[in-house]
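Worksheet for the structure shown next.
The values are calculated or read from the model by the stated rules, or taken from the named source; none is laboratory data. This structure is a prediction, so every number in the text was calculated from the model and none was measured. Glycine gets a Cβ as well: all are built from the backbone with ideal geometry, and neighbour counts include every protein chain shown. Areas reflect the complete protein model, heavy atoms only, side chains present, ligands, DNA and RNA absent. Shrake-Rupley method; radii C 1.70, N 1.55, O 1.52, S 1.80 Å.
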Amino acid sequence: MRFEKILLQVRYIGVIMSKIAILDTEISPRRLHCQRFHAYNVCGLGDGMQPEETSHGTVCARVLDYFASGYELFSIQILNGNGKITDKPMGNIHHLKQGLELCMELDVDIVCMSAVSSILSDSGILYTTVQKLAKKSVLAAALDNRKYITIPTAYPFVTGVQSDIRNCLRAGELAYHDKDLFSAGLYANCNIRLLEELGCPPSNSFAVPVAAARMNTWKNEGKHIDTELHHLKPYPACGIEEEFFFKRGMGLYRELPLAVLYALGEEDVHAACQTAMDTLYSKYGVQSCALCSMDAGVDVRFRKMEPEGDLKRELLFVECCYKTDLIFFAIRKDGRDRVMAQVNADLEISLDKNSVCILFEDGCVKGSTVNLADLVYGILQ
């Protein structure tokens, strides 16, 4: 793999300490005080000119620099920004993967990811790479600013970060909630004068470098970062109902098509549902997720339900907080009556070995399990 590299000596005093990487747009190093600055471009985009001091990546770096000392900065460009803080740069999930692979090559200590994905089907591209990197580096990733479940933020070996929107903390202060609904339990206050001067409101993107600065301090002091996170004071996180009102207030809430899928064995249901979701996305561009009765492992599109939980409440959370077009209930057949009594399903899908039967308002369709995605898509059109 070929990378464009620029090495700029900004300032060097004593021993190089933590290596911190920011995966974002280009970064201008002119106002930074890191010991060394390295720049790589893995997306192949940009005009080769000096990056703007108002690029998204530069602002992230300046927030890090506001709180951090004793670090070496690696700018890894995965996005092509236009230099305007208020414009959200868009990227390619494969560039994020390449940036993470580069972090492994460079032996980076702390990885800052403000550029993340709420397209959960991207997880198949990222998961293995992130898991490998997490064995040697500390990974901090933002929650989507509209508060959708995000990858790689939702992975258990990534520290998910969000902004202290309630302003409960002092500037630069951290708090922790270990049962956060979004797997982003580290809260950071980034309400600093620098962002105010730049005309930029606090956000989850800028909370990540605040968190990374503290992690850098802990590492330089020889402390175990995971232990220190759990010693932080608790944060008064929102519940599902508050998230619903937040989404409805932003005009983001909508009721979604619901399919109840069941078979005798949980493993059969899970496998069929996973294959159908993969096909719906790859063939039709339809994003889907599932509430399930079993532990779904590494696939973040599945959310395990509590055995005696409130199904309507679980469904409300998925409708509000998963960026999806379709929701499955993937359950064993003996749980069918409980689910159907509590939710209004658009499709009822029963699996029997290699065949499937789909009941819906206008009738019934039967076919092969391998064609489940095509059948579902055809009915919902």
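Against the longest principal axis of the chain, how steep is helix 123-134, in degrees 0 to 90 to the nearest 10, with axes from Cα atoms?
40
Return the carbon/sulfur percentage of the accessible area of segment 178-324, one whole number, probe 1.4 Å, all protein chains in place.
49
With every protein chain present, what accessible area does Tyr40 have (1.4 Å probe, heavy atoms only), rounded to the nearest 10 Å²?
20
How many nm is it between the label spots at Ala341 and Leu380, if each spot is 7 Å from the Cα in line with the beta carbon?
Spacing of the two 7 Å Cα→Cβ label points: 2.7 nm.
Mind listing which GluC sites (Glu not before Pro) in segment 305-379 are in a DSSP loop and have 10 or fewer other Cβ atoms within 10 Å?
For GluC sites (Glu not before Pro) across segment 305-379 that sit outside H, G, I, E and B with at most 10 neighbouring Cβ atoms in 10 Å, the list reads Glu308, Glu361.
Of Asp362, Asp180, which has the most accessible area with a 1.4 Å probe, and how do the rest follow in descending order?
Details: Asp362 135, Asp180 20 Å².
Order by accessible area, largest first: Asp362, Asp180.
Please state the relative contact order of the chain as a whole percent: Cα pairs under 8 Å, 6+ residues apart?
Computed value for the chain: 13 percent relative contact order.
Just read off the accessible area of Ser18 with the full protein assembly in place, 1.4 Å probe, to the nearest 10 Å².
0
Considering only protein heavy atoms, with the full assembly of protein chains and a 1.4 angstrom probe, order Ile225, Ile327 by accessible area, largest first.
Sorted descending by solvent-accessible area, the residues read Ile225, Ile327.
So with the 1.4 Å probe, I'd like the accessible area per residue for the chain, rounded to whole Å².
47
In the chain, with Lys and Arg counted as +1 and Asp and Glu as -1 at Cβ, which of these residues, Val210, Gly160, Ala115, has the Cα nearest the positive end of the dipole, that is, farthest along it?
After comparing all options, I get Val210.
Tell me the angle of helix 266-284 to the major Cα principal axis of the chain, expressed in degrees between 0 and 90 and rounded to the nearest ten.
The answer is roughly 70 degrees.
Ordering Arg301, Arg36 by how much accessible area each has at a 1.4 Å probe, largest first, what is the list?
The most accessible residue leads, giving Arg36, Arg301.
Can you send over the solvent-accessible area of Arg332, 1.4 Å probe, protein chains only, in Å² to the nearest 10?
About 100 Å², rounded to the nearest 10.
Which value, in debye to the nearest 20, gives the size of the charge dipole of segment 284-328 about its Cα centre, when Lys and Arg are +1 and Asp and Glu are -1 at the Cβ?
140
So which of Lys132/Lys283; Lys147/Lys233; Lys247/Lys333 end up more than 26 Å apart by C-alpha?
In this structure, Lys132/Lys283; Lys247/Lys333 lie more than 26 Å apart at Cα.
Debye sum, Cα scatterers, the chain, no solvent: what log₁₀ I/I(0) at q = 0.10, 0.11, 0.12, 0.13 1/Å?
The calculated log intensity ratios at q = 0.10, 0.11, 0.12, 0.13 Å⁻¹ are -0.68, -0.79, -0.91, -1.03.
Rounded to the nearest 20 debye, what is the charge dipole size of segment 303-347 about its Cα centre when +1 sits on each Lys and Arg Cβ and -1 on each Asp and Glu Cβ?
Rounded to the nearest 20 debye, it is 140 debye.
With the convex hull built on the Cα atoms of segment 228-381, state its orientation-averaged projected area in nm².
10.9
Let me understand segment 130-240 better: what is its radius of gyration from the alpha carbons, and its Dmax, in angstrom?
Using the Cα atoms of segment 130-240, the pair Rg, Dmax is 13.4, 39 Å.
So what is the 222 nm mean residue ellipticity for the chain from helices alone, if each DSSP H run of at least 4 adds -39500 (n - 2.57) and you divide by all residues, rounding to the nearest 500 deg cm²/dmol?
For the chain, the value works out to -9500 deg cm²/dmol.
In degrees from 0 to 90, rounded to the nearest 10, what is the angle of the helix 311-321 Cα long axis to the longest principal axis of the chain?
Long axis of 311-321 versus the principal axis of the chain: about 40 degrees.
Which value, in debye to the nearest 20, gives the size of the charge dipole of the chain about its Cα centre, when Lys and Arg are +1 and Asp and Glu are -1 at the Cβ?
Charge dipole of the chain: 920 debye, to the nearest 20.
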